[in-house]
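Novice: What follows is a single structure, and I will ask about it in a moment.
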Amino acid sequence: MSLGSFGTSFLRHIAQRFYLSKARAGRPGERLFSELMAKSLASELALREDLFDNVTVDAEKRAKFLRAPLPERRYMLFFTARSGSSRLGEMLERARVLGQPNEAFNFRFVPNIAQAYQADTLEAYVDMLLRRRNTRGTYGVEITYAHMMNLFGSMDRLIEMMAPTSYIWLIRENLLAQALSLSKLIQTKVAHSTAADQTSQMAADAAFQYKPLEILHAMARYCVEEDRLEADMARFGIKPLCLSYEQTVGQPDTVILRTIADHIGVGAVDLQPAPTSHHKLLGCRSAEYAERFAQEYPDFLARMTDYRAARIERLHKF
């Protein structure tokens, strides 16, 4: 994930202008917050209409796939990056009755999945996903706001094509920790503990540098994604099950699975979670950098915390 058109030079300019110039009066954190929120996410939402251009269809395979039934329950698991969605998705899949949620609408993965599923249009792709990933009548998918805009262009078209029966919204309460996690990923390319041994994880932590401009942009980007998704759900009267990363790692897996099963309409089934392969990445620099950022940008951090307070309050009460 890159900083896009909202580049480092602009961030450096406003950071220097509002923070490094001690002579300026007023509340620099408020002005910086407003600038970032106004500019963030400008270049990541373009509709991708080229994802099925190179798919070749085998008519016999396609006909075979079309014989699979459609699911009666369809849930959307909206998330923001670095919020524990991979761990949660693995938990749900291993329960064997809550679907197989993964990032099937991430444009980076769509062409390969489309070829495997014999889908040469978005309509065919959605239909095949629903059939091929139907687990005992339940289909689930992990999707970000940007994924939705890249593939469907709007919440309206997503609902029209997917006909979801329920929604889950996963966020992270500690937005600074989430932004630091993204900054570390950008720099080290180490995303999950499942893809790196302890030596690799420690090497990545050693290479991780403090880049406050990346952190500022990531916090604004996540908050804007949350704002836009929340506005879309309000427009359709959607009442999602709101969960946080902190809840999914703080509550027993059985409690999280039962809560989700009840929300999506899976009846009284035996939910025995298998051990997850995801664990917190090793290293201590994130905590060090969080403390440093809080000291350097206290008013920005306080403004962001106040801005999201009502959203945090709407999280599911366990």
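Novice: Picking from PHE152, PHE105, LEU315, whose Cα lies most toward the positive end of the charge dipole for the chain (charges on Cβ: Lys, Arg +1; Asp, Glu -1)?
Specialist: Of PHE152, PHE105, LEU315, it is LEU315.
Novice: Which value results when the Cα radius of gyration for region 130-279 is divided by 2.2 N^0.38 Å? The partial results should precede the final answer.
Specialist: Working: Rg = 17.8 Å, N = 150, 2.2 N^0.38 = 14.8 Å.
In units of the 2.2 N^0.38 Å rule of thumb, it is 1.21.
Novice: Calculate what fraction, in whole %, of the accessible area of the chain sits on carbon and sulfur atoms when a 1.4 Å probe is rolled over the protein chains.
Specialist: The value for the chain is 51 percent carbon and sulfur by accessible area.
Novice: Report, in cubic angstrom per residue, the convex hull volume of the C-alpha atoms of region 93-159.
Specialist: Hull volume normalised by residue count: 88 Å³.
Novice: A further question on this structure: Taking H as built 1.01 Å from N, whose amide H comes closer than 5 Å to the amide H of ILE171, not counting residues under 5 places away?
Specialist: LEU243, SER244, TYR245
Novice: Can you pull out the trypsin sites (Lys or Arg not before Pro) in region 63-169 that DSSP calls coil and that have at most 13 other Cβ atoms within 10 Å? Intermediate results must be reported in sequence, preceding the final value.
Specialist: On the way: sites: LYS64, ARG67, ARG73, ARG74, ARG82, ARG87, ARG94, ARG96, ARG108, ARG131, ARG132, ARG133, ARG136, ARG157; in loops: ARG67, ARG82, ARG96, ARG108, ARG133, ARG136.
Sparse-neighbourhood loop trypsin sites (Lys or Arg not before Pro): ARG67, ARG108, ARG136.
Novice: Let me test this: with uniform point scatterers at the alpha carbons of region 71-193, what is the Debye-based log₁₀ I(q)/I(0) at q = 0.11, 0.13, 0.14 1/Å?
Specialist: The calculated log intensity ratios at q = 0.11, 0.13, 0.14 Å⁻¹ are -0.39, -0.54, -0.63.
Novice: Based on DSSP H assignment, which helices of the chain show an axial Cα extent of at least 18 Å together with a mean Kyte-Doolittle hydropathy greater than or equal to -0.5?
Specialist: Helices passing the filter in the chain: 175-188, 212-235.
Novice: With every protein chain left in place, what is the accessible area per residue of the chain in square angstrom, probe 1.4 Å? Spell out each step's value before the answer.
Specialist: Numbers: 14900 Å² over 318 residues.
Solvent-accessible surface per residue comes out at 47 Å².
Novice: In whole Hz and in residue order, list the ³J(HN,Hα) couplings for region 142-148 that follow from phi through the Karplus curve 6.51 cos²θ - 1.76 cosθ + 1.60, θ = phi - 60°; x for Gly and Pro.
Specialist: 8, 8, 9, 4, 5, 4, 4
Novice: Checking a compactness column here: for region 209-318, what do you get for Rg(Cα) / (2.2 N^0.38 Å), N being the number of residues?
Specialist: 1.34
Novice: I'd like the distance between the alpha-carbon centres of region 212-263 and region 162-182, rounded to an integer number of Å.
Specialist: 3 Å
Novice: Next up: Compute, for the chain, the length of the dipole vector about the Cα centre, with Cβ point charges of +1 (Lys, Arg) and -1 (Asp, Glu) only. Units Debye, rounded to 20.
Specialist: Numbers: 41 positive and 37 negative charges, 69 e Å.
Dipole about the Cα centre, nearest 20: 340 debye.
Novice: What is the dipole size for region 22-151, taken about its Cα centre, with +1 at each Lys and Arg Cβ and -1 at each Asp and Glu Cβ, in debye to the nearest 20?
Specialist: Computed about the Cα centre, the dipole is about 620 debye.
Novice: Now a separate question. Quick one: which residues, 5 or more positions from ARG74 or on another chain, have an amide H under 5 Å from its amide H? H modelled 1.01 Å from N in the peptide plane, none for Pro or chain starts.
Specialist: Sorted by chain and number, the residues that satisfy this are TYR139, THR165, SER166.
Novice: Rounded to the nearest angstrom and ordered from largest down, what semi-axes does the equivalent ellipsoid of the chain get from its C-alpha gyration tensor (root of 5λ)?
Specialist: The three semi-axes for the chain are 35, 22, 20 Å.
Novice: Taking region 41-111, which GluC sites (Glu not before Pro) meet the DSSP loop condition and have no more than 15 other C-beta atoms within 10 Å?
Specialist: When the GluC sites (Glu not before Pro) of region 41-111 are filtered for loop state and at most 15 Cβ neighbours within 10 Å, GLU49, GLU72 remain.
Novice: Turning to a different aspect of this structure: What do you get when you divide the Cα radius of gyration of region 61-111 by 2.2 N^0.38 Å, with N the number of residues?
Specialist: Rounded to two decimals, the normalised Rg is 1.35.
Novice: Next question, about the same structure. Going through the cross-link list LYS61/LYS189; LYS39/LYS184; LYS39/LYS317, which pairs have a Cα-Cα distance over 30 Å in this structure?
Specialist: From LYS61/LYS189; LYS39/LYS184; LYS39/LYS317, over 30 Å: LYS61/LYS189; LYS39/LYS317.
The values are calculated or read from the model by the stated rules, or taken from the named source; none is laboratory data. What you see is a predicted model; the values in this text were computed from it and never measured. Neighbour counts are summed over all protein chains in view; Cβ atoms, including those assigned to glycine, are modelled from backbone coordinates with ideal geometry. The area values use the complete protein model at the heavy-atom level, side chains included, leaving out ligands, DNA and RNA. Shrake-Rupley method; radii C 1.70, N 1.55, O 1.52, S 1.80 Å.
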